[in-house]
Amino acid sequence: MKYAPHWPLAFLLIAGACASAADFDVKKKGATGDGLTKDTAAVQQAIEAACAAGGGTVLLPPGAYLCGTLELKSGVTLQLQKGATLLGSTDPKDYRHNALLVADKQHQLGLCGGGCIDGQGAQLYAAIEKDGAWRKPGEKRPSENVRPMLIKFTGCADVTLRDLTLRSAACWVQDYIDCERLTLEHVTVRSTAAWNNDGIDIYGCRDVVVRGCDVDSADDGICLKSGDAACDRVLIENCRVRSSASALKFGTASHIGFKNITVRNLEVYDTARSAIALESVDGALIENVDIAHVRATNTGNAIFLRLGHRDAKSPVGALRNVLISDVTVEVPADQPDLKYPFPCPPVRAPHNPFPSSIVGLPGHPVQNVTLRDITISYAGGGRRERAQVTCDRVPEQAARYPEFSMFGELPAWGFYCRHAEGLTFSNCTFRCAAHDYRSALVCDDVTRLDLAGCRLLSAGDEPVILLNAVHGARLRSCPPPAGARPFLEARSGCSQITTVP
């Protein structure tokens, strides 16, 4: 199962250099670069001149260019030289289209040069909050609709960002909507200035490469979403992510689909929620996903796959044909991001540690998922007196926001699977440091379960593997851990369960 995209040749050759036919220096248009004078008009004039000339490079020499919203145009590359900062205004009135840099239905766009885009998000957020125009009954903070992003490109083609630092957004850092042939390469994100600081949002885009990026964000790190179009033919590789939510996430907006996605070589650290989260809750089709070579330390959850039904107006989607391989995750006892400015809101009810999970809906199973060469180390420590639950007491939560903690207490410490078909665990190792009374693996309403060469190294008081309503399960070379009592239990509704030493 390998779903590496077949990129069009023209896409692979896009914008290799940070240069165009002509250069347009913003200082020649009157920009000061002193960080105090608003240079919006001068920078926009340089952009317009480059576009009128049929394309060119707009140069920002070293300095700080204080600006409100800028509109990037077709054929224009914005080059922020080393030592140059595009500085977002802290006055909310200086923004249109809800972003510092916007483009709509433009093509051949570029941002590059080794400089920085700084949204001054904390100050801008404070100014928006002080204004108070956003306040509506029930709202606790300004919504995403009134907090500017750094970058928002919609319906664009042939877009390249390379060798830039994006810092301190008041909202999501960068949002690419319905774009084609998008490349983000060696982009550094440092944005923990406010809530909802997603590092990279890819929203219904096709032919995408995210390569060599380093993301530190107060919300999801690299997040694929789907509105009016599917994310299709996406390659993510050689990236480093810290997040106060999930590191790699498909959803929550999940209306059309995510398909033909390849992910390679992710380093995840100090991340509050999941290292990998694939979520279809609004009718999306998630299929042909290949994720490999992920190393996650101090991360709240390893793997979360969820097929839900949040949008009652849409049919239930599908989640199928997923391969996740060569993944190592270390899950600590404490919340991993507590030292950061905007940590993830904690689960308030007392609970035992949450396992990884793969969960569909009755009559709508997650299909054909293979987990290969997976090692997850848990802190353990689950206690009956804190909470306990049996399979029949776990709520469906079909319409709830998807998150690995959404079901509350679960009967497994390692992996919990429910409503799945064609589920394979191959060469997987799960261990917990402290005693946990629960089962290592629980499968409920699963058809065609295959466990091969798996090592469940910690035993609790419950059976190490618990099967309920499982049809067609095969266990091969899965030795019981020391002290297991018992190792395997098949409860009500199980059939065709075979074990091979």
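Karplus-derived 3J(HN,Hα) values for the stretch 173-179, using 6.51 cos²θ - 1.76 cosθ + 1.60 with θ = phi - 60°, are 6, 8, 10, 10, 10, 6, 9 Hz; glycine and proline are entered as x.
Annotation: amide H-H contacts under 5 Å for Thr188 (H modelled 1.01 Å from N, sequence separation of 5 or more, or interchain): Leu164, Thr165, Leu166, Asp214.
For the chain, the mean residue ellipticity at 222 nm estimated from helices alone is -1500 deg cm²/dmol, where every DSSP H run of n ≥ 4 contributes -39500 (n - 2.57) and the total is divided by all residues, rounded to the nearest 500.
Rg over Rh for the chain works out to 1.02, both radii taken from alpha-carbon positions and Rh defined as the Kirkwood radius. Given 20 °C and 1.002 mPa s, how large is the Stokes-Einstein diffusion coefficient of the stretch 226-275 in µm²/s, with Rh as the Kirkwood radius over Cα pairs? The estimated diffusion coefficient comes to 181 µm²/s.
A simple rule links phi to the HN-Hα coupling: the Karplus curve 6.51 cos²θ - 1.76 cosθ + 1.60 with θ = phi - 60°, which for the stretch 208-221 gives 10, 10, 10, 9, x, 9, 10, 10, 10, 9, 8, 8, 3, x Hz, with x for Gly and Pro.
Proximity of backbone amide H atoms, modeled 1.01 Å from N, is registered between Leu182 and Val159, Val208, Val209 at under 5 Å, excluding neighbours fewer than 5 places apart on the same chain.
Cα centroids of the stretch 456-501 and the stretch 216-237: 37 Å apart. Over all alpha-carbon pairs in the stretch 73-203, figure out the percentage whose distance exceeds 22 Å. Value for the stretch 73-203: 34 percent of Cα pairs lie more than 22 Å apart. Neighbour counts of C-beta atoms inside 10 Å place Thr390, Thr90 in the sequence Thr390, Thr90, starting with the fewest. Helix 121-131 versus the longest principal axis of the chain: what is the Cα-based angle in degrees, 0 to 90, to the nearest 10? The angle comes out near 80 degrees. Annotation: peptides 277-284, 444-451, 212-219, ranked by per-residue average of other Cβ atoms within 10 Å with the highest first, follow the order 277-284, 212-219, 444-451. Every pair of different Cα atoms in the stretch 334-404 enters the Kirkwood calculation, which places the hydrodynamic radius at 15.6 Å. Here the stretch 48-130 is described by how far its Cα atoms reach on the three principal axes: 43, 29, 15 Å, from widest to narrowest. Relative contact order of the chain, taken over Cα pairs closer than 8 Å and 6 or more residues apart, is 7 percent. Amide H contacts of Gly381: Ala434, His435, Asp436, each under 5 Å away and 5 or more positions distant or on a separate chain (H built 1.01 Å from N in the peptide plane; Pro and chain starts excluded). Among residues other than Ala473 with Cβ under 13 Å from its Cβ, the summed charge is -1 (Lys and Arg +1, Asp and Glu -1). Between the stretch 148-189 and the stretch 255-294, the alpha-carbon centres lie 19 Å apart. Taking other residues whose beta carbon is less than 9 angstrom from the beta carbon of Leu101, and scoring Lys, Arg as +1 and Asp, Glu as -1, yields 0. For the stretch 490-501, backbone phi angles converted through the Karplus equation (6.51, -1.76, 1.60; θ = phi - 60°) give residue-by-residue couplings of 9, 9, 4, x, 8, 8, 6, 9, 10, 10, 10, x Hz, Gly and Pro being listed as x. Put +1 on the Cβ of each Lys and Arg and -1 on the Cβ of each Asp and Glu in the chain; which of Ala387, Ala133, Ser191 then has its Cα farthest toward the positive end of the dipole? Positive-end residue among those listed: Ala387. Using only Cα atoms, tell me the angle between helix 40-52 and the longest principal axis of the chain; keep it within 0 to 90° and round to the nearest 10. Between the helix axis and the principal axis of the chain, the angle is about 90 degrees.
Quick note: the coordinates plus some simple rules give every number you see, no bench work behind them. Keep in mind the model is a prediction, meaning the values are calculated, not measured. Neighbour counts run over all protein chains shown; Cβ positions are idealised from the backbone, glycine included.
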